[in-house]
1. I need a count of the residues in region 127-167 that are in a helix (DSSP H, G or I) and without any contact (Cβ under 8 Å) to a residue 60 or more places away in the chain.
2. Within region 11-65, how many residues are open to solvent by 50 Å² or more (accessible area, probe 1.4 Å), under 17 Å from R339 (Cα atoms) and in a loop (DSSP other than H, G, I, E, B)?
3. Do we have T310 as within 23 Å of G176 (Cα to Cα), surrounded by 13 or more Cβ atoms within 10 Å (Cβ to Cβ) and not aliphatic (A, V, I, L, M) here?
4. Conditions: (1) of a type outside the set (V, I, T); (2) over 21 Å from R320 (Cβ atoms); (3) open to solvent by 40 Å² or more (accessible area, probe 1.4 Å); (4) in contact (Cβ under 8 Å) with a residue 60 or more places away in the chain. A236 meets all but one. Number of the miss?
5. Please find, within region 317-342, the residue that is nearest to L35 (Cα to Cα) out of those that are small (G, A, S) and within 26 Å of the chain's Cα centre (by Cα).
6. Within region 278-299, which residues are in contact (Cβ under 8 Å) with a residue 40 or more places away in the chain and either open to solvent by 10 Å² or more (accessible area, probe 1.4 Å) or not aliphatic (A, V, I, L, M) (or both)?
7. Restricting region 168-203 to residues that are in a helix (DSSP H, G or I), among the acidic types (D, E) and open to solvent by less than 50 Å² (accessible area, probe 1.4 Å), which is nearest to T47 (Cα to Cα)?
8. Restricting to helices (runs of 4 or more DSSP H) lying wholly in region 256-342: which have 2 or more residues that are farther than 28 Å from R51 by Cα and of a type in the set (A, V, I, L, M, F, W, C)?
Amino acid sequence: MPGALQRPAVVARVSDLIGRTPLLELAVTETGSRLLLKLEMYNPTGTAKIRMARAMIDAAETAGELRSGGRIIESTSGNTGLGLAVVAAERGYHFTAVVDNHACADKLRGMKALGTELVSVGDDGTEALATAAREELAEQLARGQDNTVFTEQHNNPANGTGYFPVAHELVEALDGKLDVLIAAVGTGGALFGTARELRALISGFTVIGVEPKGSIAFGGPAHDYYQSGTGTPEGAELGALVDFGLLDEGVKVGDIEAFATCRAVARTGLLIGGSAGGVVHAALTRLSALPPGSTMVALVNDGGEKYLDTVFNDDWMRERDLLSPDAEHEIDELLTKLRGNR
C-alpha cells in the first residue's frame, strides 16, 4: 500500500493517528468486481467521526469562537461525541455531550472516561431517538455563553471538509480506480464530504447513500429504527450536508438485514458496527450487477466492539424481534460465494 497510507511510527498526540485507514477486500465476483471496505474503525475511538470532530474544533478556533479553556457542546448519539472528547481533552477544552437513550452504553461510558459531561434527554426509559430534543437542548446550553461553541454537526460545513482526506487516501491507494462509493447517510458529512472532494480528483464514479428503513432522507414512511448514528428520524431536520446533487442512488436497509450482515461478516473475522452492516448489505447485494472489473468502496464508519451488548447479543436482538437466522444464512451464503472468487 502506498506510503501516504502508513502511519508514523511515533506521534505526539492521539489525534495524530487520525486517517490513513486500511482497505480490506471483502468480496470479489466471478467477473472481477471487488468490494473494498474502508476500515474507519482504525481511527482513534474506533470511528470515522473523529475526522470531522477535529475539523469542527479547528474551524471554531480559526474563527476565534473557541479560545483556551473554552467549552464545546454537541448533540450526539456517541461516535461524534467520542471524537470531540479526545480532541477536547488534548487541547484543554471542556466538553458537554447531549445524549439520549438510543446511544450504545459503551459509547456513553467512553465519553465519560475521557472527561465528558453527559447531559441526557428522553429519560423516560425508551430507546427512541430524541434528535430534535437533543439539538434544542444543546443550542440552549450554548446560547449567550462566552467562549462556548455548539459545534452543530448536522449543519457545520467543517463536518464535510473533515472527510476530504478520505478522498485523497482512496485515490492514492487505488491509483484513481474507483467506480462506486457507498456509505451511510446521517449528517451527510462522511459520504458527501468524501464524494465532493473525490469529484475534484477523479470522475466517472457512482455515489450510493444508505439509510435505515424508517429514516426520512430518501422519503417515508417514518418509523423507529435501531441502527444508531445514521439516518434522519421523524421530527429531525435533514442535515445541511446532505447533497442530493452528488447522490446517484439512495437505498434503505432495514435493521434486520443490517444486523444480520454484521453478524455474518463477523464470521469472516471482522466486527463492524450496526449502520455499517446496512452499508455492507447494500454493497454485497449490488456487487454482482456491476460491470466486470469494477471497484466498489464501502465506508465502514465504525467497528462492532461497541455493539457487543446489542447487535451481537442474541437476547437483545430477540427481545426486539431483530434476530433472523434466515437473513444471516442468506448473507453467509452470499459471502461464501463471493469470497471464493478471491
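1. Residues flagged as in a helix (DSSP H, G or I) and without any contact (Cβ under 8 Å) to a residue 60 or more places away in the chain within region 127-167 amount to 7.
2. Residues that pass the stated criteria total 2.
3. It is false that T310 is within 23 Å of G176 (Cα to Cα), surrounded by 13 or more Cβ atoms within 10 Å (Cβ to Cβ) and not aliphatic (A, V, I, L, M).
4. Answer for A236: the failing condition is (3).
5. It comes out as A327.
6. Passing the criteria: G278, H281, T285, R286, S288, L290, P291, P292, G293, S294, T295.
7. Only one residue tops the list, namely E169.
8. 314-319, 325-339
The values are calculated or read from the model by the stated rules, or taken from the named source; none is laboratory data. Everything quoted here is computed from the prediction, not taken from an experiment. So basically every Cβ, Gly included, is an ideal-geometry build from the backbone, and we count neighbours across all protein chains shown. All accessible areas refer to the heavy atoms of the entire protein, side chains included, with ligands and DNA or RNA removed. Shrake-Rupley method; radii C 1.70, N 1.55, O 1.52, S 1.80 Å.
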